[in-house]
Amino acid sequence: RYELTRYSADSWQSNGDDTSGRFVGTGRTYGEVLPGISLNYRPDALTVYRASLRRSFSRPAFGLISGETVYSIDDTSGKLLGISKPNPDLNPSKADNADLSAEFYDAHGGVLSASTYYKRITGFVYTSQSATSNDNTLGGLVPTGTTLENGVPVTMPQNGGTATLYGLELAASKRLQDLPGIWSNFGATANLTLQHSAADSKRADQPGKTWLPRAPEQIYNLDLFYDDTKLRADLSYNYTGLQLLGLTSDR
C-alpha cells in the first residue's frame, strides 16, 4: 500500500497590534510505503484467530501545523504570560505494528475477545514548552505594551525520537436473551486495556525515557444497555488512567 499526502494552508499572522498582519502559507507533499500482512484462522464458525504485521503512519492534525499564534497576556500588568503556536515542520508519525488476537462467539451474538500488540513508533508528536524572550522566533511581534520577564513559556508541538508501546486488550459483550420477559432485553459490554510505553523525546533537558505522551497505562469501559424494538438506553462508565500530556523545559 502507498499513500500520497499533499496539503496546503493559509493562516493569519498578526503583527501583535490587533489591526495589522498578513496571511502566511504552509504546505508539504510526502508519500509513505506501508507494507503489511494479515492472517485469519477460523477453526469453526464461532472462533477466529488473527495475526498481523504492518507499517502505519499518522499525519499531524491540521490544528498542529497551521493556525494562529495565541498570546496569553495579563490584563492588569500587561505581562506576556505564555505563547502557543503551531509547528508547520511537523512530520508524520510512523509505526511498525505486531498484533495477535482471538475472538470467541456464542450462537446469540455474545463475544469474548483478547488481543495483544506491540508498536515501535518513530517521530511521535508531543507538546513541548520552552522559555524565550526573543520575539523574532515567535512568528510575529509580541503585542505592543507587553512585558517580558525572565523568558516567556512558548508551547508548540514537536516530533520526538523513538517510542515503544505494548499491551493487552480484553473485551466482552453479552445480551441476556435467556432471561424471562423484559429482562431478556438487557445486556452488558466491557473492555480493559493494560499497556506500557517508553519514549525518547531527544530533548537535551529530558535525557531519560518517559511514557509515550497521551498513552495511559490503564483504560476500561463498562456499558449496561437495554434494547428492544422501540427503545435503546445505555448507562456507560469510562476510566482513563494517568497520562503524560507534554514535556517542559526551564530553558
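Summary of values
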{"item": "Estimated vicinal HN-Hα couplings, Hz - segment 49-59 in sequence order (Karplus 6.51, -1.76, 1.60; Gly, Pro = x)", "result": "10, 10, 8, 8, 10, 7, 10, 9, 8, 10, 6"}
{"item": "Distance between modelled label sites at residue 12 and residue 242, nm, 7 Å Cα→Cβ extension", "result": "4.2 nm"}
{"item": "Fraction of accessible area attributable to carbon and sulfur, the chain (%, probe 1.4 Å)", "result": "55 percent"}
{"item": "Packing-based order for 231-244, 197-210, using average beta carbon neighbours within 10 Å, highest first", "result": "197-210, 231-244"}
{"item": "Sites residue 179 and residue 97 - FRET efficiency at Förster radius 35 Å, r taken between beta-carbons, to 0.05", "result": "0.30"}
{"item": "Cα-Cα over 30 Å, subset of 174/209; 174/230; 94/174; 94/209", "result": "174/209; 94/174"}
{"item": "All-pairs alpha carbon distance profile, the chain, 5 Å steps from 0, percent", "result": "1, 5, 9, 11, 12, 12, 11, 10, 9, 7, 5, 4, 2, 1, 0"}
{"item": "Normalised contact order of the chain, rounded percent, pairs of Cα under 8 Å and 6 or more residues apart", "result": "15 percent"}
{"item": "Surface per residue (accessible, 1.4 Å probe) for the chain, Å²", "result": "61 Å²"}
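The values are calculated or read from the model by the stated rules, or taken from the named source; none is laboratory data. Computed from a predicted structure; not experimentally measured. A quick note on method: Cβ atoms are made from the backbone with ideal geometry, for glycine too, and the neighbour counts reach across all protein chains shown. Only protein heavy atoms, including side chains, enter the accessible area calculation; ligands, DNA and RNA are left aside. Shrake-Rupley method; radii C 1.70, N 1.55, O 1.52, S 1.80 Å.
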